[in-house]
1. When you go through A:T123, A:T117 one by one, which is the residue that is of a type in the set (S, T, N, Q) and in contact with a Leu (Cβ under 9 Å, 6 or more places away or on another chain)?
2. Consider B:Q179 carefully, then state whether it is away from chain A (no Cβ under 12 Å) and surrounded by 10 or more Cβ atoms within 10 Å (Cβ to Cβ).
3. If we scan region B:130-140, do we find a residue that is within 14 Å of chain A (Cβ to nearest Cβ) and surrounded by 10 or more Cβ atoms within 10 Å (Cβ to Cβ)?
4. Please pick out the residue among A:L94, A:L107 that is assigned to a loop (DSSP other than H, G, I, E, B) and either closer than 28 Å to A:D155 by Cβ or facing chain B (nearest Cβ under 10 Å) (or both).
5. Looking for something acidic (D, E) and at pLDDT 90 or above - is there at least one such residue anywhere in region A:25-40?
6. Of the conditions (1) within 20 Å of A:P188 (Cβ to Cβ); (2) within 14 Å of chain B (Cβ to nearest Cβ); (3) not β-branched (V, I, T), A:Y217 fails just one. Which one is it?
7. Would you mind stating whether A:G71 is within 20 Å of A:Q52 (Cβ to Cβ), at the interface with chain B (Cβ under 9 Å from one of its Cβ atoms) and crowded, with 21+ Cβ neighbours inside 10 Å?
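The values are calculated or read from the model by the stated rules, or taken from the named source; none is laboratory data. Note that the structure is predicted; figures quoted are calculated from it, not measured. Positions of Cβ are backbone-derived with ideal geometry, glycine not excepted, and every protein chain shown enters the neighbour counts.
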Amino acid sequence: MNFSELFRLSGLLGKFSPDGKCLASCVQYRLVIRDVNTLQILQLYTCLDQIQYIEWSSDSLFVLCAMYKRGIVQVWSLEQPDWHCKIDEGSAGLVASCWSPDGRHILNTTEFHLRITVWSLCTKSVSYIKYPKACQQGIAFTKDGRYMALAERRDCKDFISLFVCSDWQLLRHFDTETQDLFGIEWAPNGCVLAVWDTCLEYKILLYSLDGRLLSTYRAYEWSLGIKSIAWSPSSQFLAIGSYDEKVRILNHVTWKKITEFEHPAIITNPKIIVYKEVEKSPSVETERLSFPPRALASSLFSTQSKYDISEVPVSLQCVKPIADKANPKIGIGMLAFSPDNCFLATKNDNIPNAVWIWDIQKLKLFVVLEQLCAIQSFQWDPRQPRLALCTGNGKVYLWSPAGCVSVQVPMEGDFQILSLCWHSSGDSLALLSKDNFCVCYLEREEA
Amino acid sequence: MGDWKTITVPALSSDSKNIFQYTSEKKMSPPSLNTQVLRLPLPSSKSMHTFFSAFCTEENIEQSISYLNRELTTLGFPSIYAESKGKELNLVSVINCMNELLVLQHKNLRAQEEVEMQHLKLGSDMDHLQNCYAKLKEQLELSKREIVGLQERDRQLQSKNRNLHQLLKNEKDEVQKLQNIISSRATQYNHDMKRKEREYNKLKERLHQLVMNKKDKKIAMDVLNYVGRADGKRGAWRTDKTEARNEEEMYKALLNDYEQRQKQLLMENAELKKVLQQMKKEIISLLPPQKQKPKERSEDGPVLSDLEEDIGELNKENMWELSCETVREQLTNSIRKQWRMLKNHVEKLDNQVSRVHSGGLNGKDVISREDHELETEKLEVEIQQCKEMIKTQQQLLQQQLMSPCDDDTTLLLQDCYLLEERERLQEEWRLFREQKKNFEKERRSFTEAAIRLGLERKAFEEDRGAWLKQQFLSMTTDYKHSENVTTPNSDQGNGLVNSTSQQRKPHCMLSVPVPAEPCQTSQCIPQN
């Protein structure tokens, strides 16, 4: 494992290009494009205001930089550094911005979710979509980029509109039986759309591509409902994480629950491996101590850690959520399937230090990783079943079925990793902290 | 007691007290009844006297006798008068009467005794019964009190129960109320939300109008030049055709997905059916031929054979492509049946095995598991060893084959080795031959020496003999000069002696060089 040096970053905006050649990062109002292997600066663009969001176009030729305060989106071209494009929403304001799958249209959501403006980079046409729903995941594109589902709300009722991305034709428009739609997500095969309701109602609806309701699933009434969902890469399973600390898996044939995964605080089954991160006392080699001591100060004070296998029964650290507060920190907040469809990683917000890894082939709990600090984010390697997670300290943790390892990032000073993202080839990993980022190169194991 | 009273004369009522006294005395001391009776006259002899004198005095003897007679006759005794009239007493009858009266008295006394015994018994029984009665009354009292207590408790518990039920009902009502409250609040909130949302929508509309109306020059896109489409094609107008095409494409995508899924399911189905078929065949092969139960067979037989026939036919026709209900059902039913039969068979075998174990018989055909395992282990070890040997041999062979890197050098090397060896061999042969020669020579010389030694010994012996003979003869000739008969002998002897002497000389001559010769010969050998 090699680590690059630290580079400046702001806003946790560091993204690999879809073709895997470049890495875009932004520092305040500058957009820096680097080569992935050498991390040399290929391009440097300056925007008009502090950048709040960047996104690569699907063909990796353009990068959009959105500045919500000013209501401006600037698009930069990699091929032609002189090319510029500025989209100003003016008094309409800007709340969100994203690319269309063909990489030539930009969808801007104006303030108060008044409308979505579709700006085209090819033609001079502008389209408006009215009444978009003000929710977390209101726009969803299919994986092949052909269709877009948009959540709308008119007259206090929720609707879904399906658009064809090539010419923005409205394909289907239907209402949903939800109280207050919270999110929509396409299945990876692009044929089923999952629509789920607000957390006050546990309800998830499955619609087919042509707008027919395939199935409804309700687990229980009254208590807080769905917190997060994830489709398996083969579209066979839909995992629903809810506030009752359980994950329910639906199958794509009957859309009925096939199993429930519980997240108790005490693990008693001896077949489950529990890796616990423990601190290793740092070993200081006195010969290497030299002036100035600042160079080694961080490594002196940062403690190494390693994984120990805990003996079952293990009781995990539980955090009681504050009562009388909305959006309590309980329930399954993070869900992710591994790319080979074999594992599911979940995080129960009650037990914020643990990542639970479930074996989907056997539908059983496989491994629990217990960390010293709260999990900030985790992501699966896009090529193999390898999970990288970070807990807000200077270490990155990797788990694979062969074992797990904790790696201290050898950086001077404080480097608290808050987020990470994998390169599309699975060979490198970008570790992002509040002010910096570094790239970690993983050695490919010889098969 | 009462009898006494009846017997007592009514006229003697004044003495009734005394009689009562007596009776009471009798009561007090029942065992001493007789004595009491006997004593009766004694303690109150005076009273008796008065009693007796009271009845009959000297004035009223006849009256008393006539009275007595009346009484006796009324009692059934014969009259005490001698004649029916007259005043003379019939002494016999009087005595008889007295005897009768005494007998009667005794009888009465016994009866009295008995009665008194009975009376006592009854009294004790009565006491006992009274005690029992008292105890039972106490027990009854106690039980009554207990019952009352229990009843009281029961009442309390029931009231508690009722209270709890009431509480439960209250709680349930409360829960229901709360749920109603929740739902009503929820509807209220929804309604409020909807109201707010409508207001919000109105605001949005207003804002939208304002934004649109303003025609903000600022809301614009400023781009250097328009970029070509990602796929390089030109943009197209949106027409009905394109709309229809989009619909078509959408349906195509959906259908593709369904077809794929169906294909997968069909494949899975086919696999499973194949597996089931295989299982069925294997189960049938595992089962023993059922000759023992022809009845069952005959029952299942035609059905099975029919099924098998059908399935056989269908197999031929690519059964797995047909997924109709009947075929599926038949397959599953037949497998279930076979499975049941297999299970029965296995159970039978288990029973047999358990019986065999309990009987202590070891089947000759059956090798015990441990032996079997040992054998397999041994065989494995042997196989391992053989493999290793083969490997080493192969390696050696390889080495031998592999060591020559160059043909010429190898040949040369080989030649060198061969020459060296040949020379060595030749040397050795030479040595060997030399040694052989030497040994032959030695042997010859030794044999010659041996022969000579033998000859010498013979000559020596002859010499010795001759010398002894000469000595003897000399000894004898000293004595017998005249004996010339022996001269020829002596001549012979002389001759012999001469010869012997002659021989001796050469012997001596010979004998000298004889020891020298072997030395010489031994010296000669190394020279050769």
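1. Working: A:T123 fails: in contact with a Leu (Cβ under 9 Å, 6 or more places away or on another chain).
Sole residue among the options that is of a type in the set (S, T, N, Q) and in contact with a Leu (Cβ under 9 Å, 6 or more places away or on another chain): A:T117.
2. On the way: away from chain A (no Cβ under 12 Å): no; surrounded by 10 or more Cβ atoms within 10 Å (Cβ to Cβ): yes.
It is false that B:Q179 is away from chain A (no Cβ under 12 Å) and surrounded by 10 or more Cβ atoms within 10 Å (Cβ to Cβ).
3. Step one: list which residues in region B:130-140 are within 14 Å of chain A (Cβ to nearest Cβ), which gives none.
No, that holds for no residue.
4. Working: A:L107 fails: assigned to a loop (DSSP other than H, G, I, E, B).
Step by step, each of A:L94, A:L107 is checked, and only A:L94 is assigned to a loop (DSSP other than H, G, I, E, B) and either closer than 28 Å to A:D155 by Cβ or facing chain B (nearest Cβ under 10 Å) (or both).
5. Of region A:25-40, the ones acidic (D, E) are A:35.
With at pLDDT 90 or above added as a condition, the list becomes A:35.
Yes, region A:25-40 contains at least one residue that is acidic (D, E) and at pLDDT 90 or above.
6. (2)
7. Values: within 20 Å of A:Q52 (Cβ to Cβ): yes; at the interface with chain B (Cβ under 9 Å from one of its Cβ atoms): yes; crowded, with 21+ Cβ neighbours inside 10 Å: yes.
So A:G71 fits the description; yes.
Matching residues to (1) free of Cβ contacts under 8 Å to residues at least 24 places away in the same chain; (2) within 13 Å of another protein chain (Cβ to nearest Cβ); (3) within 57 Å of the chain's Cα centre (by Cα):
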residue: B:L120; (1), (2), (3): no, no, no
residue: B:R153; (1), (2), (3): yes, no, yes
residue: B:D173; (1), (2), (3): yes, no, yes
residue: B:R198; (1), (2), (3): yes, yes, no
